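The structure under discussion appears below in the form of structure tokens.
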Amino acid sequence: MARRRLVLLLLIIAAAGAAAFGIRRDAPKAYCFYGIGWTGVPYLPGTAAAIYIGNTNSCIAGYHSPPDTATSYRFCIPSWVAFTANATTLCGQPAVDHAAAISGFKRLIGLQPGDPHAKRVAQIAPYKLGEKIGRCSIQVQLDDGAKCRVEDFLPEDVAGILIAQLKSTAEAHLGHRIDNAVVTVPGHFNGNQRQEVSSGSTEYGGFRYVSVVDEQVAAAAAHGLHEDRGDGKVILVFHLGGRTAHATKFVIRDGTPSLIALRHDPFLGGDDFTARVVDHMADLIRDKHGGRDVRADAAALRRLTAECERAKKALSYQQETVVTMRLDDDDDLFSEPLTRSKLEELIGDLVGRAVDLVESCDASGGDVVGVDEILLVGGSTRIPMVRDLVKDYFHGKEASNEKGVEPDEAVIRGALLLSHPHQARYLDPCYDYWHSR
């Protein structure tokens, strides 16, 4: 018995470690026979949810019972978690303005303290990093009324807390439990990182079964490319979100995604674009308002950042907007026009870095030459300069534009489709085992 348990444990580790990009069809028979991990079709109508944990926003989506693509739900909240002085946990919008708020934790999942990416996060994050069971942790100061203490939370624990909040919201909407989940992860996550996300989802979210799918594969599903229409096609997904950038080239054959090349920058995204606008406007405020430094005023800086974020988004649809901000309680008003051309001047080098990922990824395809489908994912790909540079690189080839699929909704929409019982074969490494018997 002890030996069999050891063999099963090794099979679990092997299956988890092998589950890098895509879904493996060669899961060990014992792994499937003993029902460890996934089952043949774990999803029942209305009991599965799709979850996307992003660096900016996180979402949960699912079908009502019985599953019907016309009757789905979706809830999204900012990817922020905060622990208050009385140990209360805040998630989403209530956590955004809290002094002890945590964001950007997704970049830390599975990293060791000595990892260069972890060191970079330590330099820019407003919270302190520690170490727990050999992995990078986030230090949180808690006060239970009797004493104040510092507790280390693993990044996947913080993600799990956010997932639990999303699950609670969806269950309140549905009026019943959600037992199973499809959780998306970046394509560069290794087997251990994927297992940590899965474990955090089951421990904090209380899910019975959790399947993990690549964000890029989910985005392809949102465009219908996981079905016959995309079979054998080479797909390139360019994901430019709030804090990270990814370029992934892969092919789907018989429902199985196979990675060709992947490039990512964990410190490049829309927030960096906004920061350039904030710096520009802060300099103008200093010059036009008696040397006033909004960078030294946390509340004023938050207001300016929010206004610059709004202006940046507006310039994706118009040529000019106005950045307006009240500097204090008096009538001291800052108002400055911002054109699309000025925005492009401010962020041009950053956009160039992002598009370089596309070029490097495409050039690293080995024997696979050319791209059949280009998908733009993430809110920052709405910026015309981004879209134009990608189009220019592919010699005028347009990105796929599936009707109704917005760039910042593609991942959760695709994960929702894959959570449907009829799509089990796209997620379950034991599907072939159970359905060939």
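The values are calculated or read from the model by the stated rules, or taken from the named source; none is laboratory data. These numbers were taken from a predicted model, which means no experiment stands behind them. Cβ coordinates were reconstructed from backbone atoms using ideal geometry, including for glycine residues, and neighbour counts include every protein chain displayed.
Quick look at the values:
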{"read-out": "Single unsatisfied condition, Asp265 versus (1) at pLDDT 90 or above; (2) more than 27 Å from Leu389 (Cβ to Cβ)", "value": "(2)"}
{"read-out": "Leading residue by the ranking (modelled with the lowest pLDDT) among those in segment 402-420 that are crowded, with 22+ Cβ neighbours inside 10 Å and small (Gly, Ala, Ser)", "value": "Ser419"}
{"read-out": "Filter result for the condition that a residue is among the small types (Gly, Ala, Ser) and touching a residue at least 40 places away in the same chain (Cβ under 8 Å), over Ser335, Ser364, Ser341", "value": "Ser364"}
{"read-out": "Candidates Ile347, Ile374, filtered to the one that is within 30 Å of Thr184 (Cα to Cα), touching a helix residue (DSSP H, G or I) at 6+ places or on another chain (Cβ under 8 Å) and in a strand (DSSP E or B)", "value": "Ile374"}
{"read-out": "Residue selected from segment 220-273 under the condition part of a strand (DSSP E or B) and either without any contact (Cβ under 8 Å) to a residue 24 or more places away in the chain or among the aromatic types (Phe, Trp, Tyr) (or both), by the criterion surrounded by the fewest Cβ atoms within 10 Å (Cβ to Cβ)", "value": "Arg253"}
{"read-out": "Single condition Lys132 does not satisfy, out of (1) surrounded by 15 or more Cβ atoms within 10 Å (Cβ to Cβ); (2) closer than 29 Å to Phe75 by Cα", "value": "(2)"}
{"read-out": "Matching residues in segment 147-165 - criterion: being touching a helix residue (DSSP H, G or I) at 6+ places or on another chain (Cβ under 8 Å) and in a helix (DSSP H, G or I)", "value": "Pro155, Glu156, Asp157, Val158, Ala159, Gly160, Ile161, Ile163, Ala164"}
{"read-out": "In segment 283-324, the residues that are in a helix (DSSP H, G or I), in contact (Cβ under 8 Å) with a residue 40 or more places away in the chain and under 22 Å from Gly242 (Cα atoms)", "value": "Arg302, Lys312, Lys313"}
{"read-out": "Filter pass, Thr321 being of a type outside the set (A, V, I, L, M), under 20 Å from Ile383 (Cβ atoms), surrounded by 14 or more Cβ atoms within 10 Å (Cβ to Cβ) and over 25 Å from the mean Cα position of the chain (by Cα)", "value": "yes"}
